[in-house]
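To keep things clear, I will list the structure first and then write my remarks on it.
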Amino acid sequence: MSAAQGRSGGVGDAGERSGGVGDAGGPFIALATLWPDRDKALTTTPTASKDDAHRQARALLAQADYIHLPPSFAAHLDTVRHMALRDASLAAALETGGTDVTQVLAAGPDLVAHYEHTDGPHGVYGKALISVAMDAHRLGITGPLLLAFLHDAAPGYVTDSERAAADPDTWFSDALTHARTLIKQIIRPLQDVPQSTGMGAVPDVVSLADYLQQHGRRTRQHLCPPATFWNAATHRLTNPDHLVHLADAARRRHRLRHAAHLYCAAVDAGSTAAARRLAEMREEAGDQRGAERLYRAAAEAGDTIALMRLAEAREKAGDQQGAERLYRAAADAGHTFALTRRARLQEEAEDQQGAERLYRAAANIGHTVALMRLAEMRVEAGDQQGAELPPPRQPKQQIRQALDSAPA
């Protein structure tokens, strides 16, 4: 037997048959899985006022040797990984990223079946909620998902006729009930999120089962979410990192209007990287003035890459002095590539000594391109031996001195 509690008659039938089989040919072995709550129901002796419906099952289980499976394999993951090399089902379970291997193996296929094969009047809407959650996770959202976001995004995941047939007052609650169906008495597609401290669930959010996250990444990787998904994310999400991840995803899929709106929402939420990405989009569209304004706003907020972009724009426009000033600011802020760009400007100004100091400063903090250029400069100067030996490493204080001594 596989899941004994799910079979017609289950352990009780096995108890009735055990005597006959044992008498006929014995001995025999019966292997079965049994959830703890069902084991307790079958083995608890009823009070005198109740019928003893499980007498035979209790007699059989009294002879059983129990192997209790742990709820998690967190303490044995190395063993599980080793076994997964020869067991495809274990490998698939590990792909979910969790340690609840038993639950995944038991309920994973059933979760997928519940999602893929909708039934009942509300199944299609429940599937839409799960699809929204899958897309959100595969495009960069981590952690819980707002119910309001699922609500606003879902209409784009059903057909026009399905949307017209939905009751505007009850469709979401009915869909949520379907999407939170308990599968195999273990897990729900959309799950409550426990409070970080104390008891109870966090209100108005859910999380998607790990197995369905992995299934969504595999089966929906070539699908582009509908407009309702991007719009819902723009208006409902507040995490700046999540907004930037989704904006990047929209941009890669050439949903440029949605990408711009998401970047703007991320800027409002405090992201400096989003302003730079908006600037890149303006630059790609040929709006250099708008791009420079956004780069400057991002740079003022502390984005060193935006400083580099501004410096490159100044250099391209022929403003060498302005470019040098911005490269220096980027280097002071920790952008190592800015050192090599400053060094190149010094070379163009025929200040070989200043260029070498900057290249050496960059090389000493791990910039290999600078190290190669130092070697080339030694060769050009006729110092073959100096080109073959790496430059001596300097402490950070000397690097700072090299920067300060370079021409401003």
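Before moving on, here are some points about what is shown:
- Restricting the range 206-237 to residues that are under 17 Å from the mean Cα position of the chain (by Cα) and of a type in the set (Val, Ile, Thr), the residue that is farthest from residue 259 (Cα to Cα) is 206.
- Matching option when the condition is buried (at least 23 other Cβ atoms within 10 Å of the Cβ) and either of a type outside the set (Ser, Thr, Tyr) or under 16 Å from residue 189 (Cα atoms) (or both), among 146, 129: 129
- Unique residue being modelled with pLDDT of 80 or more and outside any helix (DSSP H, G or I) when the list is 53, 57, 64, 48: 64
- Scanning the range 119-132 for residues that are without any contact (Cβ under 8 Å) to a residue 40 or more places away in the chain and either outside any helix (DSSP H, G or I) or out of contact with any helix residue (DSSP H, G or I) (no Cβ under 9 Å at 6 or more places or on another chain) (or both) yields one hit, 119.
- First in the range 165-191 and assigned by TED's automatic domain parsing to the domain that holds residue 111, second anywhere and assigned to a loop (DSSP other than H, G, I, E, B) and of a type in the set (Asp, Glu), Cβ under 8 Å, 6 or more apart: 174/167
- Scan of the range 227-244 for residues that are of a type outside the set (Lys, Arg) and surrounded by fewer than 19 Cβ atoms within 10 Å (Cβ to Cβ), ordered by number: 227, 228, 231, 235, 238, 239, 240, 241
Conditions tested, residue by residue: (1) modelled with pLDDT under 95; (2) among the charged types (D, E, K, R); (3) farther than 22 Å from residue 214 by Cα.
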| position | (1), (2), (3) |
| --- | --- |
| 152 | no, yes, yes |
| 157 | no, no, no |
| 163 | no, yes, yes |
| 166 | no, no, yes |
| 172 | no, no, yes |
| 182 | yes, no, no |
| 185 | yes, no, no |
| 195 | yes, no, yes |
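- From the options 135, 169, residue that is acidic (Asp, Glu) and in a loop (DSSP other than H, G, I, E, B): 169
- Considering only residues in the range 57-75 that are more than 18 Å from residue 29 (Cα to Cα) and out of contact with any helix residue (DSSP H, G or I) (no Cβ under 9 Å at 6 or more places or on another chain), the one that is surrounded by the most Cβ atoms within 10 Å (Cβ to Cβ) turns out to be 74.
- On inspection, residue 237 passes the criterion of being under 23 Å from residue 155 (Cα atoms), hydrophobic (A, V, I, L, M, F, W, C) and touching a residue at least 40 places away in the same chain (Cβ under 8 Å).
- Residues located in the range 216-226, provided they are part of a helix (DSSP H, G or I) and either farther than 13 Å from residue 136 by Cα or in the same structural domain as residue 276 (by TED's automatic domain parsing) (or both): 218, 219
- Test result for residue 31, modelled with pLDDT of 80 or more, part of a loop (DSSP other than H, G, I, E, B) and closer than 22 Å to residue 105 by Cα: yes
The values are calculated or read from the model by the stated rules, or taken from the named source; none is laboratory data. Model, not experiment: these values are computed from the prediction. Note: ideal-geometry Cβ built from the backbone for every residue, glycine included; neighbour counts use all protein chains shown.
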